[in-house]
Amino acid sequence: MFLGQVKSVRVSLSRGTASQALKWALMIIFTGSSLIDVTRGWTYHYSQEVMNWTQTRQWCQTNYTDMVAIQSQEENDYLVSILPNRTKSPYYWIGITRTHANETWTWVGHNSTWIGNESWAQSEPNNNHITEFCVEIYVNNGANRGRWNDEKCANKKYPVCYQAQCTNASCERGKCSETINKTSCICEPGFEGDRCQTAVACKEPIKPHHGGMRCSGRHGDHSFESTCSFLCEEGFMLSGPSVFSCNSSGQWDDKEPQCTAQCTNASCERGKCSETINKTSCICEPGFEGDRCQTAVACKEPIKPHHGGMRCSGRHGDHSFESTCSFLCEEGFMLSGGPSVFSCNSSGQWDDKEPQCTVVECSALSGPDDGYINCPGSNQTFNSTCRFRCSMGFLLLGSTEVSCGSDGRWKGPRPFCASYKHAVMALASCVACSAVCCLCFCCYRKRKKRTQLRSVLKLYTTDTLPPCHDVFTSFV
Ligand code: CA
């Protein structure tokens, strides 16, 4: 533990006895635990062998980083506190110098520019011997403890060096800085973390509604130098940037875009497109509905009439806007209560009531004079049959029954009842009439043939007589 702590402080004793080393190590341990923090930044090293300024620098560069540089009063005080006191000159060289009197003092081996108001001892730098271009620091118990004095560079004093802790790997994306207690990384813009190893993150963007987003970058999708690109769905237009980037402050360099609805020819199939903030809407033509007016309004499927048939068709469907249905009835039935054809209107309603098929009725029949009629019921419908019968002493002339036809008319003539006396007289009259008619017809035919023969003979009187068979044929 003891040796480990000494090692971690890395105070170098380049020359000295073991007892001196032990004394120095103990002093460090008892000076305070804060000395352990030194390991996070520079470590300081000194030699107990005096050297001139040039030798000192060479020794420091050979064994450590360079001669000690001081960046603040705090560092100055700290350095004095850890170096062994000297009661008189020589004291310790520090790494600040100039090459002639008119030059400004410059730190070597480090880019510190600090020279405090109270760094120099009283009346110093006095350039006492004209060539006092190097600087020693008083480490004693006197009033000028920790103050500086310009000295001739050829004088010999104790070297004080520093060992830098920063390396090229200390800070991935930044510059390493060392102070008394720590090293720190001053990060490049866009990076953070102890070693500047992390790219600054931007908040994950919100994907636009009705759109898409794609983010990528060499340090991550949503980190410094990442870019996000945006696209909108068909029918929507990007409102805002199509691309933005994550800047070094962890902010996107623009606002997220939105996808604003935009009407196109395809927005509404059968209607007029209207644009609002986030969407388009369609004002449909009569008879159409749906987001894009793509659907014809539907009518309820009609009921086929009993004893009938139905046929529906249309260019948007069998039971949709502008479809028509036609109705027919079976034989002996007729449409009633509705039309033979109706249509589906733009409100999704049929423009009339469904018809029904009702059976055809024939008109009531009365019985013949001197006879009777027998029908099956009070109403005589299609295919009903009524039968006739005559009273005693009368003869039924005509069919004994008639049927109700599909057109609502009785088929065939109705019979009548005649008395037997009237029937015989009628029959005799008929026979007599037939005989007279036959006689008249025969006379007429005979007379006609005679007239034809006379005409033929007159035709051949002055010429050659016709062949006998021609004359014969004309009489047949
Ligand atoms: Ca001086």
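All of the numbers you see were taken from the coordinates with simple rules; none came from a lab. Fair warning: this is a prediction, and the values are worked out from it, not measured in the lab. Cβ sites come from the backbone with ideal geometry, for glycine too, and all protein chains shown count toward neighbours.
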Study note, to complete from the structure: In nanometres, the difference between 0.36 nm per residue of separation and the alpha-carbon distance of Tyr372 and Asp352 is 2.6 nm
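Could you size up the charge dipole of the range 211-261 around its Cα centre, putting +1 on the beta carbon of Lys and Arg and -1 on that of Asp and Glu, and report it in debye to the nearest 20? Don't skip to the end; give the middle numbers.
Working: 3 positive and 7 negative charges, 20 e Å.
About 100 debye.
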**Study point:** Candidate lysines - alpha carbon under 22 Å from Lys156, same-chain residues fewer than 8 apart omitted
**Key:** Lys88
Check your understanding: Cα to Cα, under 15 Å, and not fewer than 8 places away if on the same chain: which aspartates and glutamates meet these conditions relative to Lys304?
Key -> Asp318, Glu330, Asp352, Glu354
Exercise for review: For Cys263 and Ser89, calculate 0.36 nm times their separation in residues minus their Cα-Cα distance, and state this gained length in nm to one decimal.
Suggested key: 53.4 nm
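What ranking of Leu83, Leu439, Leu395 emerges when the number of other C-beta atoms within 10 Å of each C-beta is taken as an exposure proxy, fewest first?
Details: Leu83 19, Leu439 10, Leu395 15.
Ranking Leu83, Leu439, Leu395 by Cβ neighbours within 10 Å, fewest first, gives Leu439, Leu395, Leu83.
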**Study point:** Inter-label distance for Glu225 and Lys421, nm, one decimal - labels placed 7 Å from Cα along Cα-to-Cβ
**Key:** 14.0 nm
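Run through every distinct alpha carbon pair of the range 239-394 and return the Kirkwood hydrodynamic radius in angstroms, one decimal place. Don't skip to the end; give the middle numbers.
Values: mean 1/r = 0.0456 Å⁻¹.
For the range 239-394, the Kirkwood estimate is 21.9 Å.
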Check your understanding: Among the listed pairs Lys203/Lys272; Lys353/Lys411; Lys272/Lys353; Lys255/Lys279, which are separated by more than 29 Å between their Cα atoms?
Key -> Lys203/Lys272; Lys353/Lys411; Lys272/Lys353
Revision key, fill the gap. Note, Met310: beta-carbon cut-off 11 Å, +1 each Lys/Arg, -1 each Asp/Glu, net -1
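At R0 = 30 Å, how high is the FRET efficiency between Thr167 and Thr113 if r is their beta carbon distance? Nearest 0.05 is fine. Numbers along the way, then the final one.
Values: r = 23 Å, r/R0 = 0.78.
Using R0 = 30 Å, I get an efficiency of 0.80.
Stretched out fully, how many nm does the piece from Glu204 to Lys156 gain, at 0.36 nm a residue minus the Cα gap?
Details: separation 48, 0.36 × 48 = 17.28 nm, distance 6.41 nm.
Fully extending the segment from Glu204 to Lys156 adds 10.9 nm.
Leu335 to Ser403: FRET efficiency via 1/(1 + (r/R0)^6), r the Cβ-Cβ distance, R0 22 Å, to the nearest 0.05? Could the numbers behind the result be given before it?
Details: r = 23 Å, r/R0 = 1.03.
E(calc), rounded to 0.05, equals 0.45.
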